[in-house]
Amino acid sequence: LGTGGVGQTLATKIVGVGHEVCMGARDASNEKAAEWASANGAGHGTFADAAGFGEAIVNATAGTASLEALEAAGAERLAGKVVIDVANPLDFSGGMPPRLSVCNDDSLAEQIQRAFPDARVVKALNTMTASLMVDPGLVPGEHTVFVAGDDDAAKQEVWELLKSFGWPDGSMLDLGGIQAARGMEMYLPLWLSMFGAAGTPVLNVAVHVAES
Ligand SMILES: NC(=O)c1ccc[n+]([C@@H]2O[C@H](COP(=O)([O-])OP(=O)(O)OC[C@H]3O[C@@H](n4cnc5c(N)ncnc54)[C@H](OP(=O)(O)O)[C@@H]3O)[C@@H](O)[C@H]2O)c1
């Protein structure tokens, strides 16, 4: 679900590793989705079409609109499925830097899990730029991809997908239940500062744990 840079980058990689994709938008005739689909031998349609098609769903919609987009996808089409939530609740309405539209004692991922209790929501990949999500080798050395979610089997499925993208063993840090998405989303102000300092969005952090 999502026709922006993230939706297109992930969808292209997911096709590339051998899956079928239907890209969802508000409008079935969305031009970006139609163009992407024809270039990649894939499908496109409404959010509901894509959610009905997918065995797993990626939420790559604007964070402030994700609940609306998932509502359009339809609870019954999300039920029982892994929903990989890569969105960030960034509100640009007051200019730069954006503010978080939800934070501290709640998160977008928790809002999604509460709104769609039968979906298996996994927060992942929101802490890095789109190109790096699907090509971890763009940054040298070991670096970390965080995941959070209440369903361990769903997190394992997401990890299998990430491995197929090229994420090496040991690079995933499972932060626990979906509540941990708060920190993953509240990391965005730090990420934006690092982007400014580094002069490129192609960066990531690495978590190294002391041997006890
Ligand atoms: N840019 C990055 O590298 C990066 C990295 C990590 C996470 N993220 C997060 O990934 C998500 C996608 O980012 P993006 O830059 O690819 O795209 P985006 O411009 O943030 O979002 C585009 C998608 O949001 C949908 N949308 C916008 N307003 C909507 C509304 N009122 N109701 C329903 N759907 C609506 C659009 O639908 P239509 O297709 O119908 O127009 C489109 O599919 C965001 O949450 C972003 O914060 C981005």
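Each reported figure results from applying straightforward, stated rules to the coordinates on display, with no laboratory input. Not measured: the values here are computed from a predicted model. Here the Cβ positions follow ideal geometry from the backbone for every residue, glycine too, while neighbour counts run over all protein chains shown.
General observations
- Relative to the dominant Cα principal axis of the chain, helix 5-16 is inclined by about 80°.
- Charge dipole of segment 22-131 about the Cα centre (unit charges at C-beta), most positive-ward option of Ser29, Ser107, Gly45: Ser107
- Angstrom value of the Kirkwood radius, inverse mean 1/r, which spans all Cα pairs in segment 1-99: 13.5 Å
- Looking at segment 28-58, the GluC sites (Glu not before Pro) that sit in a DSSP loop and have at most 16 other Cβ atoms within 10 Å of their own Cβ are Glu55.
- With contacts taken as Cα pairs under 8 Å at a separation of at least 6 residues, the chain carries a relative contact order of 17 percent.
- With the simple spin-label model, which puts each label point 7 Å out from Cα in the Cβ direction, the His208 to Glu55 separation comes to 3.9 nm.
- When the chain is treated as a GNM with alpha-carbon contacts under 10 Å, the residue of Thr61, Thr200, Thr12 showing the greatest mean-square fluctuation is Thr200.
- Highest average packing first - 44-52, 153-161, 202-210, Cβ atoms within 10 Å: 44-52, 153-161, 202-210
- Residue among Met133, Met172, Met194 with the largest mean-square fluctuation in a Gaussian network model of the chain, springs linking Cα atoms under 10 Å: Met194
- Distance between the C-alpha centres of segment 25-49 and segment 170-212: 31 Å, rounded to the whole angstrom.
- Proximal lysines to Lys32, defined as alpha-carbon separation beneath 17 angstrom and excluding residues fewer than eight positions away on the same chain: Lys13
- DSSP-defined antiparallel bridges as percent of all bridges, the chain, nearest 5: 20 percent
- In sequence order, calculated HN-Hα J values of segment 168-181 (Karplus, 6.51, -1.76, 1.60; Hz; x Gly/Pro): x, 3, x, 8, 8, 10, 7, 8, x, x, 4, 4, 5, 4
- Cβ-based net charge around Glu110, under 15 Å, with every Lys or Arg adding one and every Asp or Glu removing one: -2
- Nearest 10 degrees, 0 to 90: helix 152-165 Cα axis against the chain principal axis: 90 degrees
- Largest to smallest principal axis extent of the C-alpha atoms in segment 101-152, angstrom: 38, 25, 16
- Taken over the chain, the alpha-carbon convex hull comes to 128 cubic angstrom per residue.
- Relative to the Cα centre, the charge distribution of segment 58-160, modelled as +1 at Lys and Arg Cβ and -1 at Asp and Glu Cβ, gives a dipole magnitude of about 200 debye.
- The alpha carbons of segment 128-212 stretch over 38, 32, 26 Å along the principal axes, in descending order.
- 0 to 90° range, to nearest 10: angle between helix 31-40 axis and the chain longest Cα axis: 80 degrees
- P(r) tail fraction, segment 40-96 - alpha-carbon pairs more than 19 Å apart, %: 32 percent
- Under 5 Å, built H, 5+ apart or other chain: amide partners of Val145: Met172, Leu173
- Two-site label geometry, Met186 and Glu76: point separation in nm, points 7 Å out along Cα→Cβ: 3.9 nm
- Ordering Met23, Met96, Met184 from the fewest to the most neighbouring beta carbons within 10 Å gives Met96, Met184, Met23.
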